[in-house]
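The structure appears below as C-alpha cells.
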C-alpha cells in the first residue's frame, strides 16, 4: 500500500512546527535560567561581601596580639694613653648603654649584664650604689640614676666570669616606645703583656625577656 504524499507532506509540516515550538520554548526557558543564574550569582556575591564584612568586624573587635621585643646598643669613646711608657697607661671606655622597648608589652624589672674578656685588670665605674637598701639622708640626695649589683657576691662573679650584673634602682618598668639607659659608665683597663685584645659585650634582660638580648655594639680594642 502506497503512502499518501499529501499526508506525508502534512505530517512533515506538523512535525517541523512542533520542533520550532519546542525550540522556542527551550530558548525561552534557557533565558529564564540564565536570568535566574545571574540573580543567584549576584545574591551569592552580596552574601559573600556581607560575610567578609562580618569577619573583618569581628577581627577588628579582637585585641591585637602582644609583641615582646627590645633593641639595645652601646655608644662610647675610648681614651688611650699618649705614650705606653706613661706612669698611668690605663685605658678608659666612657659611654652609655641604651635599651629601648620596641614591642607592645611593658617590660618589668629590667636589668643588664656587662661581660668583660679578659676579666682581670678591668674595673667598672659609674652611677653604681654599692650600699643596698640605704635610706640615709645622703642617699636621698643622690642622683636620680642609680644602679646596684644584683648578687651579694658580685666581686667573685666579676673575678671568675668577668660578668657585671646590674639592676636600675630608678627604673622599674619600660613602657612600649620608651628608652632607658646606663649613663656615663666608665670601664678602666690596665693592659697586661699577656693580653692584647679587650672586649666588653652587653646584654639586656627583663621579666618578659628572661634569656636576654645582646647589644648591637660592643667595646672592642687591641693594645700592645
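Yes or no, residue by residue, for (1) in contact with a strand residue (DSSP E or B) (Cβ under 8 Å, 6 or more places away or on another chain); (2) at pLDDT below 95; (3) more than 26 Å from residue 208 (Cβ to Cβ):
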| site | (1), (2), (3) |
| --- | --- |
| 132 | yes, yes, no |
| 135 | no, yes, yes |
| 140 | no, yes, yes |
| 146 | yes, yes, no |
| 151 | yes, yes, no |
| 165 | yes, no, no |
| 169 | yes, yes, no |
| 174 | yes, no, no |
| 178 | yes, no, no |
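Could you run through the stretch 81-104 and say how many residues are surrounded by fewer than 17 Cβ atoms within 10 Å (Cβ to Cβ), modelled with pLDDT of 85 or more and part of a loop (DSSP other than H, G, I, E, B)? Selection size over the stretch 81-104: 3.
Rundown of residues vs (1) more than 28 Å from the chain's Cα centre (by Cα); (2) free of Cβ contacts under 8 Å to residues at least 24 places away in the same chain; (3) in the same structural domain as residue 116 (by TED's automatic domain parsing); (4) more than 17 Å from residue 113 (Cβ to Cβ), yes/no style:
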{"position": "158", "(1), (2), (3), (4)": "yes, no, yes, no"}
{"position": "168", "(1), (2), (3), (4)": "no, no, yes, no"}
{"position": "172", "(1), (2), (3), (4)": "no, no, yes, yes"}
{"position": "192", "(1), (2), (3), (4)": "yes, no, yes, yes"}
{"position": "196", "(1), (2), (3), (4)": "yes, no, yes, yes"}
{"position": "208", "(1), (2), (3), (4)": "no, no, yes, no"}
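If the condition is being modelled with pLDDT of 90 or more and at positive phi, then the stretch 105-124 contributes only 109.
The values are calculated or read from the model by the stated rules, or taken from the named source; none is laboratory data. From a predicted model like this one, the values you see are computed outputs, not experimental measurements. So basically every Cβ, Gly included, is an ideal-geometry build from the backbone, and we count neighbours across all protein chains shown.
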